[in-house]
Every structure is written in structure tokens, then in C-alpha cells.
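A short reminder: the numbers here are calculations on the coordinates, not readings from a lab. The shown structure was predicted, so the numbers you read here are calculated from the model rather than taken from an experiment. Here the Cβ positions follow ideal geometry from the backbone for every residue, glycine too, while neighbour counts run over all protein chains shown.
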Amino acid sequence: MREMRRSTFFRKLVATNLRAALALRAAFLLQAGFMLLNNLFFFVTWWIFFERFEEVRGWTLRDMASLYGVVTGAFGTTVIVFGGIRDIAERVANGELDAYLTLPADPLIHLAGSRSIASGWGDLASAPVFLLLLGSSAPGDIPFFLIGMACATVVFASTGVLIHSLAFWLGRIDSVARQIWDLTLLFSLYPRTIFSGALQVVLFTLIPAGFVGHLPVELVRRPSALLLVSVVAAALFYAALAWWIFRIGLRRYASGSRFVARA
Amino acid sequence: MTTALPRSLVPRSGLLPRSGVWAVARMAARQALVDRPQLIAKIVFYGILLLVFSQLWGVVLGAELLDSGDAANYVWYLALTEWVVISVPQVHLAIESELRDGGVAYRMARPMSYLCAQAAETIGDVAVRLAVLGSAGVVLAGALTGQPPSSAFGLLLALPLGLLAVLGLIGMQLAIGFLAFWLRDASPVFWIVQKGMFVLGGLMLPLDVYPEWLRTISDWTPFSAWIYGVGRMALDPSIDVFCSTLCRLVLWGAVLWGLAWEVHRRALRAIRRHGD
């Protein structure tokens, strides 16, 4: 019952944010359209790279396109649905969580869903372009792509919550937190095969770019039950960890006694 | 008993605009120095980019050597191109925010043009970033490649080019920032220009690797001078290349600053007329 109330609240929150974003239709279309162009334009660099070098330890341009499809899709979904994660550290440092704590809704869900970033739609729209047009994936790959992208979204959002929750202990780290979160994205946009040794371990633990890009794209490239279980298990693990760390951090939260009204 | 104010805080009579600009730049530089977490985050980001690319070039060039250099030189190339790009703050966001919240109206009342004040602040901030990231870049690239660039002379030549490139980039960002007066949100324009810079400037890959037609397009943009022009000093430095890049940087810098001035003038004129 409680879980149902949570999901209903979250759905309504996302729907409200969407309506707010669509109210400024021109700005919304401009941001989403330019982000789509931006992603395609940036991919030109990889096209030039693979024209010259053909492959990087087994990775070809098609694999890169699939990787971009999964990661842009996951990033887009994260900033559309959980756009408020980017502001958690700042709100914690400013003592602005009071308005969330006094409401019956779960504070993490409320915070994460408090904002939707319009440019995320451009990222989300890039995903099928990369995957189906440039990555030459077959329609049969779509279910694996959707599962991979959903799990990547959960891992990416959870990583954001984990990093931003450090503000409960470290204070004003908002800009650093955003940059560290961006690192997860940065690492996930390069072929896994270029990383070796200790860096591979880091990419599947501290900076889980492996679970945001590399493993989900393997699921699309070579689907198997083991990969499916690994991707889903990683998503559940990071979500639980983020939830737990945020809860512990919340106990250390000190109000800024600021008057903030939230509907 | 009287307490004397520090000399830097004592207002001097007849403060010329030029010294005012200098004072704003100095203050911004001090703020940038104090904001250590931001500087450290930039260094970490810079280091990670170099790490990723040293691995990428190591893998690619392990199998195939390019004519113009080896993996180490390509890492040094990236160290120079990223040095220029990471050193420039996103000043368009600050302008956009002030245009949105009305902060620009307060700034207009000051005895210094809004453009000069923004430019001075940015240049002060950039001066610190250039020095800190430049030093970090030499250490990081040296550590990752285990060797200096094939020509240390090239690094010296890259210094003035990097400074001019950054000035040109600031001019471009100021122009984009003032576009927010008409567009409300100038970020989409910035994204496209930024990606143009990455692709046509040769941020990740030297333009030598590009197909001929794309290289020709790139040569007609300021991006190749700002990015490839500086990075090239790690690959094949020469006085001729240095001089031609210098001329292009000065030319594009003048064009972009002229554009920034014109967009700024029109935006402020509209604000004075309509007040929105």
C-alpha cells in the first residue's frame, strides 16, 4: 500500500514537471532539438576515428553507436524523471530540505522528482537514432536495449544520489558533486576495451560506468541470461545502496531555518 | 586609536576605468584561488581525460603508428587542447542568469561597462585556471606518457597561442551569453558551438586524421585555430606554423570580441528602452 502511494505520488510529480516543461513549448523544443543535434554532431568525432582506425580491440563504430544509444537514453531518462538529483548537494548544504521533510511524501523521491530537464528529451530521442540507424541493431534487440537502458538509468541515478549525499558529511560540495557525477557519464562513453587492470575494477565499483554503459551494451550486442541477471542485480544493488546512504545522511541533516514553500 | 584600512581597500580618487578593470580581474583571480575544491575538481577531470586518452592511444597506436608521431605525442596534444578548453569558464551562464533575474540592471548603474566588467571577471578567473591547469597538465601528461613531448620548444610556443585562444573563446562565450536576451536560454546555442569546437577544432583527434573535405571546412572556422592550432605545437612545432596560427588567432579574436561588443550593445539598448 505504502509502495503504491509512493509510485502514484512519483508519477504525478513527473507528470506535473512535464506539463510545466511543455508550457514553454518553444524553449522545450529548442532545448530538446539542439541536444539531439549536439549528440549527433559529437558522434562525428567517433565516425572520423573509426574511419581511420576501424576498430579498438574488437570495438567498431556500430558498437560505439550502440553504446551511445544506451548511455544517452539512460542519461536522458535520468534528467527527465530524476532531474532534481543534480540539486541535492546544494539543497543539503543550504539547509533547504525542511520543505521536503515536513511533507508526507518520501523526501528522496520528492527531491529527485522535483525537477525535469527539458534537454533530456533530446538525449532520449538520440537513443533510437544511435541504436537503430547507426548501430544497425535489429528490432529483436529492442527488449534487451530497453532493459539495459532502464537498468543503466537506475545505476546512473543512484550514483548521483550517492555522490550528492556526501554533502551530508562534507558540506558544500555541490559543484564538485556534479563534476564527479559527470565523470560516470564520461567513462561510460568510451569503449570498455581500452581500460585495463585496476581501472576496470574502479569502473565497476566506485565510478560504476561499467554498469551504465559497458555491461548494458554487451547485453544488446550479445544477449545472455548471465548478462541480464548481472545488469538487473547491479541496478538493484546501487538503488538500495543510494537509498540507504541517503537515509543515514538525512540523520545528520541540519536545517538552515530557511522559509521555503513548496506546493 | 585608529584602525587603518588595508591599502587595497582604500578608495583612490580618480579611479580610471582601466584600473577598475584591473581591480575586478584581480578580485576574480583571488576568488578563483580561494575556490580550491573547484580547481581540484578541474584538475581531476583533466587528469581523467588524459588517462582515458592515453589508454585509447596506447591501444590504437600499439597496433598502428601514425606518420606524424607516437602515442605519447598524442597525449601531449590532448593535454594542450584540453588545457585551452577546460580553462574557460561558462561565462554565458552567468550573463544569462543576470539577464533573467534582473541583476544586469544593477550592474549597468556602475561606472564600468557591463561587458568590460564581465570580461575582466572572466579573465581574472581564467588567468588562475590557465596557470594551475597548465602546470597540472605538464605533470599529468609527463606521468602518463613517461616522457616529455618530442619538442619542449613546442610547449613554449603553445603558451602564447593558448592565451590568445582562450581570449577568443571568452569573446565567443560573451556573445552567446548576450544572445540570452532574445533567446531566454542560450545554452542550446552554446552546446552546438561547443560541439563544433570539439569536432571541427580537433579536440580529441588532430585534424591530420580528418578527411580532406572536413579539414577544409574546419580551416574556415575559428575552432581549428583555437584548438588544433595550439595542440599542433606538441606534434610538429615550427616557427612558420606558429606565426600563421598567431595571425589567425588575432584575427578571429578581433572578430569574436567585435561581435560580443555589438550583441552586448544591442541587448543593453533594448533593456534601456523596454526595461525587460
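Annotations for the structure displayed:
- Extension gain for the segment residue B:183 to residue B:35, taken as residue separation times 0.36 nm less the Cα-Cα distance, is 50.2 nm to one decimal.
- Relative contact order (%) - chain B, alpha-carbon pairs under 8 angstrom, separation at least six: 26 percent
- Set of segment B:149-173 residues, backbone N closer than 15 Å to the point 7 Å along the Cα-Cβ line of residue B:239: B:153-154, B:157
- For the pair residue A:51 and residue A:133 in one chain, pulling the backbone fully straight at 0.36 nm per residue adds 27.8 nm over the alpha carbon distance.
- Translational diffusion coefficient (Stokes-Einstein; Kirkwood radius from C-alpha pairs) of chain B at 4 °C, 1.567 mPa s, in µm²/s: 64 µm²/s
- Spin-label proximity, residue A:237 to segment A:143-162 - amide N less than 19 Å from point 7 Å beyond Cα toward beta carbon: A:148-162
- Length released on extending from residue B:70 to residue B:90, taking residue separation times 0.36 nm less the Cα-Cα span: 3.9 nm
- Folded to 0 to 90 degrees: helix B:114-145 orientation relative to chain B principal axis, Cα: 30 degrees
- Label point distance in nm, residue A:200-residue A:7, each placed 7 Å from Cα along Cα→Cβ: 3.7 nm
- Relative contact order of chain A: 27 percent, from C-alpha pairs under 8 Å at least 6 residues apart in sequence.
- Shielding of peptide A:38-46 by partners, expressed as the average count of other chain Cβ atoms within 10 Å per residue Cβ, is 5.
- Pairwise FRET efficiency - residue B:101 versus residue A:170, Cβ, R0 = 35 Å, nearest 0.05: 0.80
- Diffusion constant of the protein assembly as shown at 37 °C, which comes from Stokes-Einstein with the Kirkwood Cα-pair radius and 0.692 mPa s, µm²/s: 131 µm²/s
- Rg and Dmax of segment B:213-276, Cα atoms only, in Å: 17.0, 54
- Backbone HN-Hα couplings from phi across segment A:138-151 [Karplus 6.51/-1.76/1.60, Hz, Gly and Pro as x]: 7, x, x, 7, 4, x, 5, 5, 5, 5, x, 5, 5, 5
- Between residue B:274 and residue B:219, the FRET efficiency estimated from the beta carbon spacing at R0 = 41 angstrom works out to 0.50.
- For chain A, the orientation-averaged shadow of the C-alpha convex hull comes to 15.1 nm² (one quarter of the hull surface).
- Taken residue by residue and averaged, Cβ atoms of other chains lying within 10 Å of the Cβ of A:113-122 number 1.
- Packing-based ranking of B:29-36, A:159-166 yields A:159-166, B:29-36, ordered from highest to lowest mean Cβ neighbour count within 10 Å.
- Calculated translational diffusion coefficient of segment A:160-254 (4 °C, 1.567 mPa s; Stokes-Einstein with Kirkwood radius over alpha-carbon pairs) equals 89 µm²/s.
- Helical mean residue ellipticity (222 nm; -39500 (n - 2.57) per DSSP H run of 4+; nearest 500) of chain B: -25500 deg cm²/dmol
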